[in-house]
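Here the structure is laid out as structure tokens; the discussion comes afterwards.
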Amino acid sequence: MTTTAPHSVPENERLRRWRLVLGSAAEPALGGLTGADDSAIDRALGTVYDSARGSGRSGGDRSGSLGGSAPRVARWLGDIRTYFPSTVVEVMQRDAVERLNLTQLLLEPELMEAVEPDVHLVGTLLSLNRVIPETTKSTARMVVRKVVKQIEERIASRTVAAVSGALNRAARTSRPKPRDIDFDRTIRKNLANYLPEQRTIIAEHLVGYGRRAQAVHRDVILAIDQSGSMASSVVYSSVFGAVLASMRSLRTSLVVFDTEVVDLTEKLADPVDVLFGTQLGGGTYINRAIAYCQSLITRPADSLFFLISDLYEGGVRDEMLRRINAMKESGVQVVVLLALSDDGAPSYDRENAAALAALGIPAFACTPDHFPALLAEALNRGDLRHWATDHP
């Protein structure tokens, strides 16, 4: 018996899509395109991808280019926004910058206003921070601010709720309200009152979560690797840092590093200022960054240290491991994030990650959506290795 998929694509539409993917070299086998829209879509795709098509995989010999013409770039940006959804537009913009060295896309105000802002575009902007002309910087900040606002809307309320809940639960009381009873601790405290014949425990002593007054209860330090591969993590970490800095119950510090260490804590009131204070690219001296962050710690037992890095150390590896272990042994809750982004599995130094794991320091990647829950678990000094296993 033959069945037909309920949402099967008609044969002519399937051939049309393959023709758009493969380019004009596939016309003898798949047929040509019809209509002005298909021709415009084909030109927009060919501008970026025909050079790849011509590499031998499809047999074509054309090469894609936007040339040096700003009007042509502007028209191309308008075309892709017309014919493709925003998620595809973001990918095509990123590919244009990478494949065609389209730095002019990011250096001219009129073109900047036409792009579809996303995290990766912000990362590219930050890497060009030192060469963006003054006439374009205000437009670049506008683009970055738009992306920052989108991220804040996505994560801010959940982060504040997670942190507040974690800190409230950390305060214990012997006269809790029913909603604040910590049943696990209450049962453990009253095990001596177990009545076998009734198979129950008499809870003479209640243990509950208290509600803490507004004061600084935890110190949080974010140390962010600003090497080029960490671009998305820098963007998300900076926004999280600004959200945490807005909470009175936390004292938040934010440090970025490559071969040098820069403390951007004073800029945390505005994550856009933080981002433009970074400089993506260059080497990585993690040991130097940890040494600086150690100097910020005055209450080890109440401190939470996040190292956000792919762990490719350009400095003294053994000293880096010694310092981070000393920080942990002093009572600091240490977490190493190999990435804080939506970019999938990151590339990282597996030898250093394994060495940290041997010291009892978890090292794993985390998405922005999971970070509030991770933060709450860390503030409660939970088992983060178990948490990471449950949140792959």
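The values are calculated or read from the model by the stated rules, or taken from the named source; none is laboratory data. All values derive from a computational prediction rather than experimental measurement. Don't worry about glycine lacking a Cβ; one is built from the backbone with ideal geometry, like all the others, and counts go over all protein chains shown. Please note that ligands, DNA and RNA were not included when accessible areas were found on the heavy atoms of the full protein model with its side chains. Shrake-Rupley method; radii C 1.70, N 1.55, O 1.52, S 1.80 Å.
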Number of the condition not met by V9 [criteria: (1) aliphatic (A, V, I, L, M); (2) at pLDDT below 80; (3) under 35 Å from the mean Cα position of the chain (by Cα)]: (3)
Among residues of region 331-342, those that are in a loop (DSSP other than H, G, I, E, B) and either among the acidic types (D, E) or in contact (Cβ under 8 Å) with a residue 40 or more places away in the chain (or both), counted: 2
Meets criteria (within 35 Å of the chain's Cα centre (by Cα), among the hydroxyl-bearing types (S, T, Y), at pLDDT below 80 and open to solvent by less than 50 Å² (accessible area, probe 1.4 Å)) for S58: no
Exclusive hit being in a helix (DSSP H, G or I) and either modelled with pLDDT under 95 or open to solvent by less than 20 Å² (accessible area, probe 1.4 Å) (or both), set A345, A378, A355: A378
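Which of the residues belonging to region 36-50 are open to solvent by 50 Å² or more (accessible area, probe 1.4 Å) and either at pLDDT below 80 or among the hydrophobic types (A, V, I, L, M, F, W, C) (or both)?
Selection gives A36 alone.
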Members of region 320-342 that are small (G, A, S) and either open to solvent by less than 40 Å² (accessible area, probe 1.4 Å) or over 18 Å from D219 (Cβ atoms) (or both): G331, A339, S341
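Here's the yes/no breakdown for (1) touching a residue at least 40 places away in the same chain (Cβ under 8 Å); (2) surrounded by 21 or more Cβ atoms within 10 Å (Cβ to Cβ):
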site: P196; (1), (2): no, no
site: S233; (1), (2): yes, yes
site: S249; (1), (2): yes, no
site: D258; (1), (2): no, yes
site: L268; (1), (2): no, no
site: G282; (1), (2): yes, no
site: C293; (1), (2): yes, yes
site: T298; (1), (2): yes, no
Among residues of region 217-230, those that are in a helix (DSSP H, G or I) and surrounded by 24 or more Cβ atoms within 10 Å (Cβ to Cβ), counted: 1
Selection within region 119-136 - farther than 14 Å from V239 by Cβ and surrounded by 14 or more Cβ atoms within 10 Å (Cβ to Cβ): H120, L121, T124, L125, S127, L128, N129, I132, T136
Which listed residue, of K149, K189, is modelled with pLDDT under 85, out of contact with any helix residue (DSSP H, G or I) (no Cβ under 6 Å at 6 or more places or on another chain) and open to solvent by 80 Å² or more (accessible area, probe 1.4 Å): K189
Residue tally, condition under 20 Å from F84 (Cα atoms) and either in contact with a Gly (Cβ under 7 Å, 6 or more places away or on another chain) or surrounded by 13 or more Cβ atoms within 10 Å (Cβ to Cβ) (or both), over region 25-35: 1
